[in-house]
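Participant: The following block contains the structure, expressed as structure tokens.
Nothing in this text is a laboratory measurement; each read-out follows from the coordinates by a stated rule. Bear in mind that the values here come from a model prediction, so they are computed numbers and not experimental data. Here the Cβ positions follow ideal geometry from the backbone for every residue, glycine too, while neighbour counts run over all protein chains shown.
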Amino acid sequence: MDWISLLLVPAIKSLVVVVALLTGFAYLSYVERKLVARFQVRYGPNRAGPFGILQPISDALKMVFKEEIVPLNVDHVVYLLSPALTVMPALVIWAVIPVSGASFTLFGQTITPYVSDVNVGLLYILAIASLATYGIVLAGWSSNNKYSLLGALRTSSQMLSYELPMGITLVSVLLIAGSLSLVDIVQAQRGVWFALLQPIGFIIYFICGLAEAGRSPFDLPETENELVSGFATEYGGIKFALFFMGEYIHMITISALATTFFLGGWYGPFVNQIPVLGLVYFLIKVAFMIFLIVWIRASLPRIRYDKLMHFCWKFLLPLSLLNLVVTAVVLVLVG
């Protein structure tokens, strides 16, 4: 029966996570368009179905049936694989994200609310998140288009730069939690959220998360007014949709990780008495983070590229190092 616990149960949980994320991506695009419309005093999607709720399905069908045009002189293998390389890391990260602390028994098997709890979960996330860069960089390079190549170069420098302050900030979280396991990090926040202990770290993580996901005001890789559409210029149809599927799933992932690292994960009032509330609290916190990301998109203009890099190297990186040093000193003095 070991194959059930080692293979079948993780496979079913993985399938549930993938289906939930793909559904969430579709309707997150609808929610974002509705929210931005309200911020800008207009209606947003309201034609396909009641209140426009069928708009994501309409968009998906349109993308699937659009004519596929592949430019001449592209690197065909890399060109076709790049969209998948963008989506896969955002999905694979969810293998170690715990959405609740309540487990249950089914057919003699203990079912936990996460695919796996590895003792190096934080390192796993940093490693997988770095792979998302490859899809966009290779897409820009393989397209044989100058605008796409410039978008790819911007992507590589932007993501690699902002990974540094993000990683240093998460080391501060590691010092407080004393574990690389995401389950242990959440359980370390039973008394007080790390966002209260690490307010500067939380802000740095959130800013770096926006840059990593390519969200406004850091959407420099696709800058429509400068680079047509950057790395995605030569893509259309379902391949174009895959890139933005990756962006939206990445946005959900960034919000879920912020919830896990800084907002107490599934913890909230009465969660010990009613364990199912853990999932509700987790989803509410993720929704709040997504709302902040959309709010920023509707409020701030895209920044200049040199300002983007200066902000990272001259401000965020020194601030994250200072935050780490202060955290270490305080822990030594308190301990």
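Participant: Under 8 Å for C-alpha pairs, at least 6 residues apart: give me the relative contact order for the chain, rounded to a whole percent.
Facilitator: Relative contact order here is 22 percent.
Participant: Roughly how big is the stretch 182-309's charge dipole about its Cα centre, with Cβ charges of +1 (Lys, Arg) and -1 (Asp, Glu), in debye to the nearest 20?
Facilitator: With Lys and Arg at +1 and Asp and Glu at -1, about 380 debye.
Participant: Related question: Quick one, could you list the DSSP H helices from the chain stretching 27 Å or more along their long axis (Cα atoms) with average Kyte-Doolittle hydropathy of 1.6 or above?
Facilitator: Long hydrophobic helices here: 121-142, 277-299.
Participant: With the cut-off at 20 Å, report for the stretch 252-335 the share of all Cα pairs above it, as a whole percent.
Facilitator: Pairs farther apart than 20 Å: 61 percent.
Participant: I've got another one for you. Mind putting a number on the dipole of the chain about its Cα centre? Charges go on the C-beta only, +1 for Lys and Arg and -1 for Asp and Glu, and I need it in Debye to the nearest 20.
Facilitator: Value, rounded to 20: 820 debye.
Participant: Hey, fewest Cβ within 10 Å first, where do His250, His310, His76 land in order?
Facilitator: Details: His250 24, His310 13, His76 10.
Lowest to highest Cβ neighbour count: His76, His310, His250.
Participant: Whole number please: convex hull volume per residue, Cα atoms of the chain, in Å³.
Facilitator: Here the figure is 159 Å³ per residue.
Participant: If you don't mind, there's one more thing I want to ask. At a Förster radius of 25 Å, what calculated FRET efficiency corresponds to the Cβ-Cβ distance of Val276 and Asp117, to the nearest 0.05?
Facilitator: It comes to 0.80.
Participant: I would also like to ask the following. Given the -39500 (n - 2.57) contribution per DSSP H run of 4+ residues, what per-residue ellipticity at 222 nm results for the chain, rounded to the nearest 500 deg cm²/dmol? Could the numbers behind the result be given before it?
Facilitator: Values: 13 runs with 216 residues, N = 335.
Roughly -21500 deg cm²/dmol at 222 nm, from the helical runs in the chain.
Participant: Just to be sure I follow: if Rg is taken over the C-alpha atoms of the stretch 15-94 and Rh is the Kirkwood radius over the same atoms, what is Rg/Rh? If you can, show how the numbers build up before the last one.
Facilitator: On the way: Rg = 16.2 Å, Rh = 15.2 Å.
That ratio equals 1.07.
Participant: Would you grab the residues whose amide H sits under 5 Å from the one on Ile111? Only those 5+ places off in sequence or on another chain, please, with H modelled 1.01 Å from N.
Facilitator: When sequence neighbours closer than 5 places are left aside, the close amide H contacts are Phe104, Thr105, Leu106.
Participant: Let me ask another. Does a label point 7 Å from the Cα of Leu72, set along Cα-to-beta-carbon, have any residues of the stretch 217-241 with amide nitrogen under 20 Å, and which are they?
Facilitator: Answer for this model: 233-236.
Participant: If Lys and Arg each add +1 and Asp and Glu each add -1, what is the summed charge of the other residues whose beta carbon sits under 14 Å from the beta carbon of Leu257?
Facilitator: -1
Participant: On to the next question. Let me check I've understood the local charge: for Phe25, count other residues with C-beta under 15 angstrom from its C-beta, Lys and Arg +1, Asp and Glu -1. What total comes out?
Facilitator: Net local charge, Phe25 excluded: -1.
Participant: What distance in nm separates the two pseudo spin-label positions at Val64 and Leu153, each 7 Å out from Cα along the beta-carbon direction?
Facilitator: Computed distance between label sites Val64 and Leu153 equals 4.0 nm.
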